[in-house]
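Engineer: My questions will all concern the structure given below.
Since every read-out is calculated from the coordinates, none of them should be taken as a lab result. Computed from a predicted model, the values in this text were never measured in an experiment. Here the Cβ positions follow ideal geometry from the backbone for every residue, glycine too, while neighbour counts run over all protein chains shown.
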Amino acid sequence: MRKVTALVAVALTAMSCSLAAGQGAGPVILDLAVDPSSGPPGTVYTISVRIESPRDPKAIVPLLYHVREGAEKIEVAIHDDGLDGDAAKGDGRYTGRSVVPDTAAQKTHRFEVFIRDKAGRKSNVLEYRFTVLKGAAI
């Protein structure tokens, strides 16, 4: 029994050390916003998230991955510089733009989004839906 207790103590100590060394959980994304949430092929829409990370914000890879219906992985460059749709520089809300492709089916599509840090750790996953409408973007 003492050996088991000692092994558990060693494992907990190792886990604490790895968390302290920055090898714990990845970044956290919150407050997903998509505007507009529907439109015909060609529609440009903004997608933004607030990023919280226990590490240096410079460790964030400025790409938002969104996966359409579990199959199609799309990368969107995101930024927090107050330009090109981003509301305010340095506020922790990162914004990017995406375009509805001409080949998109007219229906409501489900997307899962996440980010990674430079160590490769994946954030939590958020979900949104976008409805592709008939017609051409204005």
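Engineer: Once phi is turned into θ = phi - 60°, what whole-Hz ³J(HN,Hα) does the Karplus curve with 6.51, -1.76 and 1.60 give for every residue of segment 69-80, x standing for Gly and Pro?
Structural biologist: Result, rounded to whole Hz: 6, x, 10, 9, 8, 10, 9, 10, 5, 10, 8, 10.
Engineer: A follow-up question, please. Give me Rg over Rh for segment 26-132, both radii from the alpha carbons and Rh done the Kirkwood way, two decimal places.
Structural biologist: Radius of gyration over Kirkwood radius for segment 26-132 works out to 0.97.
Engineer: Cross-link candidates for Lys107: which lysines have Cα within less than 17 Å, leaving aside residues fewer than 8 places away along the same chain?
Structural biologist: Lys134
Engineer: Suppose R0 equals 25 Å. What FRET efficiency, 1/(1 + (r/R0)^6) with r the Cβ-Cβ distance, do Lys122 and Asp102 give to the nearest 0.05?
Structural biologist: That pair, Lys122 with Asp102, gives E of 0.25.
Engineer: While we're looking at this one, here's another question. Would you list which lysines come within 19 Å of Lys89, measuring only between C-alpha atoms, while excluding same-chain residues fewer than 8 positions from it?
Structural biologist: Lys58
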